[in-house]
Amino acid sequence: GCFVFKPSSKKRRWSEKTAHDFRSASSDSEDTELRFVTCQSLWNQIKSETEQIQEDLNKQLLDNLMSFLSRSHSNFQEKTAEWTCRMKFREIPTAALVLGVNVTDHDLTFRGLSDVLQDNITPYVALLEAKDCSGIKNLMQKLMGQLMNCDIDVDSLEDEDCVQVSPNRIRCSMPSLISWYDSATKKTDSGTPSKKRNSSSRHWQSPPVVVIFKDIESFTTKVLQDFIVISSQHIHELPLVLIFGIATSPMIIHRLLPHSVSSLLCIELFQSLSCKEHLSTIIDKLLLTSQFPFKLGEKVLQVLINIFLYHDFSVKNFIKGFQLCIVEHFYSQPLSVLCCHLVDIKKRVYSLSHDQCENIRRLLSFRRYVEKQESGKQIELLTNDSALKGETEKLLEDLHVYHENYISILRCLHVFTSSLPKYPLGKQIRELHCACLENRVWETEEYESSLQLARMLNKTDLVTMLQQCVGILVSSSGKEFDKTVEKLKEFLTQFQKLEEASQERDVSVSSQKELQKKTDLYHLQKTLLELKESRKSKKLTKFEMLRFEVVDYIDSLVRKYLVPADDRTLHEIVYFNTAAVLRGHLNAAPRTALHTALNNPYWYLKNQALKCDGGGISNKAPDICIVYKLHLECGRLINLVDWLEAFSTVVMAAEEPVADAASSDQVDDIIHARFIRAVSELELLGFIKPSKQKTDHVARLTWGGC
């Protein structure tokens with residue numbers, strides 16, 4: 001895949017840029033500042049939660065790496081038999097960290113790993129990228145530069161004896177690195193100022209030097225070979241540990257390095273969490289929760305998931321898309337000021353102006369709600385702002401309760417559907433969530449198939465599922481599930497009381513085991529038909545009757561609580577549903593954007609002087625725009641002289657003629673230079689190329705409209 005890494009140039013922070021956009025484009029809207037503050041506060045909460053989730057997911061991997069470093073370092077310090085044997089073969093401890101193809105997420109993992117290492121183990125950590133290490137000299141310079149900078153801190157800069165040495169002024173070689181390491185560790189052990197000793201006390205004695213290769217596939221073979229061979233010759237003097245960041249497969253190490261070099265590495269393999277599991281956890285913690293009032297519609301969520309599954313597998317980009325949805329919702333929806341936590345709803349509802357009340361009345365879901373009311377209440381809601389505010393408060397509170405109940409029952413339904421063969425409603429809860437958002441899930445064929453399969457579950461599976469559902473509902477924040485929990489516990493009690501000695505029950509259980517073994521579609525349908533025919537000819541057992549009752553009760557909960565969000569009144573306030581806008585932002589169309597920018601610069605620059613009607617060419621437009629629009633009028637070959645004359649005519653259209661001949665020649669030279677630069681820019685963009693047929697012509701390369 002191709003991944004774009006944008007340079008970290010100096011630019012405004014997200015909050016400053018978004019605030020400017022809110023104020024400039026929505027200056028005529030009420031409560032713009034409050035909407036921006038609400039948007040920023042919501043995103044900060046989601047960002048904090050996301051960082052905590054990612055830290056928890058990477059904890060096991062980081063702990064394993066810490067254990068590996070601990071074993072490698074203890075062998076170096078204690079000079080054990082294993083270390084002596086390793087030194088005999090000059091092996092370097094190496095961790096092969098398989099992170100997956102989601103390259104854009106690797107920075108977060110390496111940053112967390114570097115922070116943990118520097119906080120707990122060693123201050124000597126270097127992160128190397130292939131783009132900075134084209135040769136062994138560049139690699140050593142980058143390595144020593146990072147290590148020496150980490151040795152100097154604010155406290156040590158105050159000491160007269162401590163002088164920072166620039167890596168450019170010394171010879172970047174392994175002996176120089178060893179000499180620096182010996183002096184740095186001796187200085188820490190012998191007599192450093194108290195502040196320096198306190199900052200270093202959390203690190204190990206003679207801490208290892210950890211070198212992280214972030215993208216091992218991009219490093220050239222020669223650079224890696226030279227570095228490993230040189231390092232192995234000095235491993236008895238320098239406690240070096242290598243970490244290889246791998247996006248593809250551990251076999252890449254053996255493809256890059258010959259056996260004579262790879263044998264110098266003592267490699268241990270580490271596997272990070274799958275990016276799909278990572279995404280499922282993010283969706284579960286951010287979307288399937290009542291903690292955050294903002295929600296994604298089915299089409300929008302499907303766009304983000306499709307980009308993840310079919311483009312980059314990047315959780316980082318998924319979160320950026322989620323952030324974009326939040327900004328777009330608060331930017332485009334005037335009533336998003338009501339997308340807040342339950343405790344703030346009343347205050348914000350009763351501070352609405354008359355225009356905002358009219359915005360509520362224009363909502364499609366609210367109009368449907370009004371049509372179902374009595375005529376007297378309809379008039380009151382459409383004419384009385386106070387009555388409207390009271391009803392809005394009640395509807396928003398009902399929407400919050402709906403979310404709490406929806407999430408709990410969705411998890412219960414997922415407990416049943418995820419254990420069925422062939423997963424008719426999907427294995428992941430996000431697939432089930434999308435199905436419930438899209439339409440009434442109980443009207444789909446997949447749901448009917450799931451119910452039929454659930455009516456053939458054995459007793460053990462049913463009891464386990466019911467126990468999980470009880471746990472979900474007990475821990476739920478919803479207040480309507482007391483009777484539901486009692487009913488499920490009653491089912492569990494009845495299952496415990498059932499006797500298992502009857503012949504009919506044994507036949508039923510054996511048929512379920514047979515069903516579980518044969519999970520292909522043909523045998524599944526055959527078994528279903530046989531069971532259906534057998535039930536017509538015999539009386540159901542107590543277990544089968546109870547099983548039917550359990551499935552029917554779960555079905556009633558689904559029909560009651562898993563109503564699609566689009567059927568709820570005022571769902572537009574908290575749900576972002578404009579998938580086309582999101583798709584336009586995320587699925588880039590560079591040709592269309594480039595044509596729009598060159599053909600109509602006003603679209604992006606918003607300068608009134610650039611407005612032109614009827615397809616005319618404004619002389620105020622940038623030179624490249626004028627040249628581009630003129631070239632659209634030409635054929636396959638463009639005469640540069642004619643093109644220049646046309647460009648000069650457009651540029652000089654609004655200017656007075658120059659009487660002085662010398663001044664006129666100077667103006668012509670300036671216009672000529674501007675024309676040459678604009679044509680060169682068009683050639684760079686790929687619109688034209690030099691023609692071999694005629695030296696004073698260029699060939700046009702693009703045709704058709706966008």
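Whole-Hz Karplus ³J(HN,Hα) for the stretch 113-118, in order, using 6.51 cos²θ - 1.76 cosθ + 1.60 and θ = phi - 60°, x for Gly and Pro?
Per-residue couplings from phi come out as 5, 4, 5, 5, 4, 6 Hz.
Percentage of Cα-Cα pair distances in the stretch 391-450 greater than 19 Å, rounded to whole percent?
The answer is 34 percent, as a whole percent.
Less than 10 Å Cβ to Cβ from T104, Lys/Arg counted +1 and Asp/Glu -1: what total charge do the surrounding residues give?
Local net charge: -1.
Going by average Cβ density within 10 Å per residue, which order do the peptides 424-430, 363-369 take, highest to lowest?
424-430, 363-369
Once you have a ≥ b ≥ c as the square roots of the Cα gyration tensor eigenvalues for the stretch 412-502, tell me rounded if a/c is under 1.5, and otherwise prolate or oblate according to whether a/b is larger than b/c.
In terms of gyration-tensor shape, oblate.
Which of rounded, prolate or oblate describes the stretch 334-377 when judged by the alpha-carbon gyration tensor and an a/c cut-off of 1.5?
In terms of gyration-tensor shape, prolate.
Solvent-accessible area per residue for the stretch 330-401 at a 1.4 Å probe radius, Å²?
Result: 53 Å² per residue.
Tell me, what HN-Hα J-couplings in whole Hz come from the Karplus equation 6.51 cos²θ - 1.76 cosθ + 1.60 at θ = phi - 60° for each residue of the stretch 259-268, using x for Gly and Pro?
4, 5, 8, 5, 5, 7, 10, 9, 8, 10
Compare the peptides 691-700, 120-129, 272-281 by average per-residue count of other Cβ atoms within 10 angstrom and give them in order, highest first.
Per-residue mean Cβ counts within 10 Å order the peptides as 120-129, 272-281, 691-700.
Spelling out what I want: for every residue of the stretch 634-649, take phi, set θ = phi - 60°, compute 6.51 cos²θ - 1.76 cosθ + 1.60 (Karplus), and round to whole Hz; glycine and proline get x.
These are the phi-based 3J(HN,Hα) values: 9, x, 5, 10, 10, 6, 5, 5, 4, 4, 5, 5, 5, 4, 5, 4 Hz.
Could you state the number of Å between the C-alpha centres of the stretch 335-388 and the stretch 395-427?
29 Å
Arrange the peptides 547-555, 236-244, 521-529, 259-267 so that the one whose residues have, on average, the most other Cβ atoms within 10 Å appears first.
Top of the packing list down: 236-244, 547-555, 259-267, 521-529.
Among the listed pairs K389/K560; K47/K346; K214/K422; K427/K483; K347/K377; K47/K422, give every one whose C-alpha distance is greater than 31 Å.
K214/K422; K47/K422
The values are calculated or read from the model by the stated rules, or taken from the named source; none is laboratory data. Note that the structure is a prediction, hence the values are computed from the model and not measured. A quick note on method: Cβ atoms are made from the backbone with ideal geometry, for glycine too, and the neighbour counts reach across all protein chains shown. Heads up: the accessible areas ignore ligands, DNA and RNA and are worked out on the full protein's heavy atoms, side chains in. Shrake-Rupley method; radii C 1.70, N 1.55, O 1.52, S 1.80 Å.
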